[in-house]
Amino acid sequence: MFEEIGPAHQREQDLSEARTAFKNAENFRRGVIVLADAVIANDFKNDLDAAHKNLAECLRRVGDMEYELGDAEIGYGTLKESIGILRELRRRMPKESKLGVLSGTLVTWADLLNARSKAKEPEELLREDLEIRRAIMSNQHKNLDAKGDVAFVLQRLASCVFDQRRYAESLQLARERLQLRREFYSELPDAFSSERLVSALGSMSFYLLFERSPDTSLPARPDEVLQLAREALELDPSQSWIRTNQAHGLLFSGRYDEAVEVYTKYSQEKHGDKTLGHEMLEDFNLLRQAGIEGPDMLRIEALLKPREEAPGAD
């Protein structure tokens with residue numbers, strides 16, 4: 001009951017009551033373990049492993065709640081305890097039912113730490129999670145959800161290593177993710193799998209921009225950047241954020257006039273709380289950090305900056 005009340009209070013933004021409900025649930029789960037540990041071993045109604053798994057899941061929610069309330073130290077310790085319980089269960093009983101909960105907790109913790117600019121720990125957690133998800137996928141060859149779970153972790157890990165400017169690794173991870181999303185879509189071409197494939201295509205086209213040609217300061221494969229962006233937009237033209245990759249692909253392919261048309265047409269569209277023009281300019285900053293510099297980048301910046309600085313622009 002407490003585990004149902006906590007999320008309800010969260011939805012109502014009553015975080016204090018949510019914390020109380022989650023802590024009550026934690027205390028209940030700890031009590032179940034004490035009781036389960038005391039019963040005779042052949043009493044099938046009391047499953048000590050299940051009790052530990054439920055406690056770990058409860059601690060994940062508590063830790064997430066503590067981070068949301070701003071108490072990172074308690075949140076960190078709670079999530080660490082949760083993962084410790086699940087790792088021990090995995091060591092003793094490597095059942096897939098235990099692996100799924102461990103994976104969810106690893107991702108939660110990695111995301112929370114990543115949001116606080118702690119690069120090393122999130123990467124380690126995500127790599128452990130990836131190992132788990134690959135193990136599940138290898139045992140469930142026909143399970144599309146298992147492929148989707150691996151692709152999900154690959155997305156997170158690619159973003160994590162990209163933020164550390166390890167561009168080749170992020171590209172490799174993005175390529176593997178895209179392959180899984182293509183396989184998923186070919187077997188089940190519905191709206192959900194199409195949406196995920198579009199996201200993977202867009203990410204892949206973006207990461208490709210940071211693969212530098214060995215002989216120049218330009219992206220090595222702008223034509224592939226453009227091809228992937230167009231494939232994504234054919235599936236879903238409403239994903240205007242991919243227009244930035246399309247414009248970059250045109251620019252670095254030497255098709256300046258076509259690139260200008262895309263840059264100017266979409267620069268004022270919103271992407272979250274920013275405009276695409278802002279994102280385009282930010283991409284140029286990121287590209288320069290990677291040693292990418294094209295002769296026409298300054299011309300595009302001169303074109304976009306007045307639009308971004310105009311009255312009413314964000």
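Among helices (runs of 4 or more DSSP H) entirely within segment 1-110, having at least 1 residues that are within 29 Å of residue 150 (Cα to Cα) and modelled with pLDDT under 65 singles out 2-11. Of all residue pairs spaced 6 or more apart or on separate chains, those with beta-carbon atoms under 9 Å, a first member in segment 168-194 that is farther than 17 Å from residue 225 by Cβ and a second member that is modelled with pLDDT of 95 or more and of a type in the set (Lys, Arg) are 181/196; 184/196; 185/196; 193/181.
Of all residues in segment 261-270, those that are crowded, with 17+ Cβ neighbours inside 10 Å and either of a type outside the set (S, T, N, Q) or under 25 Å from the mean Cα position of the chain (by Cα) (or both) total 3. Taken across segment 229-252, residues that are in contact with a Lys or Arg (Cβ under 9 Å, 6 or more places away or on another chain) and more than 19 Å from residue 208 (Cα to Cα) do not occur at all. Of all the residues in segment 153-212, those that are touching a Phe, Trp or Tyr at 6+ places or on another chain (Cβ under 6 Å), in a helix (DSSP H, G or I) and not polar (S, T, N, Q) number 4. For residue 169, indicate whether it is within 15 Å of the chain's Cα centre (by Cα), among the acidic types (Asp, Glu) and at pLDDT 95 or above. No, not satisfied. Just wondering, is there one or more residues in segment 251-260 that are closer than 24 Å to residue 166 by Cβ and either surrounded by 14 or more Cβ atoms within 10 Å (Cβ to Cβ) or without any contact (Cβ under 8 Å) to a residue 40 or more places away in the chain (or both)? Yes: one or more hits. Condition (residue is surrounded by fewer than 20 Cβ atoms within 10 Å (Cβ to Cβ), out of contact with any strand residue (DSSP E or B) (no Cβ under 8 Å at 6 or more places or on another chain) and over 18 Å from residue 286 (Cβ atoms)) applied to segment 160-169: is it met by at least one residue? No, there is no match, as no residue in segment 160-169 is surrounded by fewer than 20 Cβ atoms within 10 Å (Cβ to Cβ), out of contact with any strand residue (DSSP E or B) (no Cβ under 8 Å at 6 or more places or on another chain) and over 18 Å from residue 286 (Cβ atoms).
Condition test on residue 125, is it at pLDDT below 85, under 15 Å from the mean Cα position of the chain (by Cα) and surrounded by 22 or more Cβ atoms within 10 Å (Cβ to Cβ)? Yes. Taken over segment 126-151, the criterion of being assigned to a helix (DSSP H, G or I) and without any contact (Cβ under 8 Å) to a residue 24 or more places away in the chain is satisfied by 128, 131, 134, 137, 138, 145, 146. Residue 292 meets all of the listed conditions (1) touching a residue at least 24 places away in the same chain (Cβ under 8 Å); (2) part of a helix (DSSP H, G or I); (3) aliphatic (A, V, I, L, M) but one, namely (2).
Conditions tested, residue by residue: (1) assigned by TED's automatic domain parsing to the domain that holds residue 244; (2) of a type outside the set (Asp, Glu); (3) modelled with pLDDT under 85.
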| site | (1), (2), (3) |
| --- | --- |
| 262 | yes, yes, no |
| 265 | yes, yes, no |
| 281 | yes, yes, no |
| 284 | yes, yes, no |
| 290 | yes, yes, no |
| 296 | yes, no, no |
| 303 | yes, yes, no |
| 309 | yes, no, yes |
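If the condition is being surrounded by fewer than 22 Cβ atoms within 10 Å (Cβ to Cβ) and basic (Lys, Arg), then segment 55-87 contributes 80, 87.
The values are calculated or read from the model by the stated rules, or taken from the named source; none is laboratory data. Predicted, not measured: the structure shown is a model, and the values here were computed from it. Every residue, glycine as well, gets a Cβ built from its backbone with ideal geometry; the counts of neighbours run over all protein chains shown.
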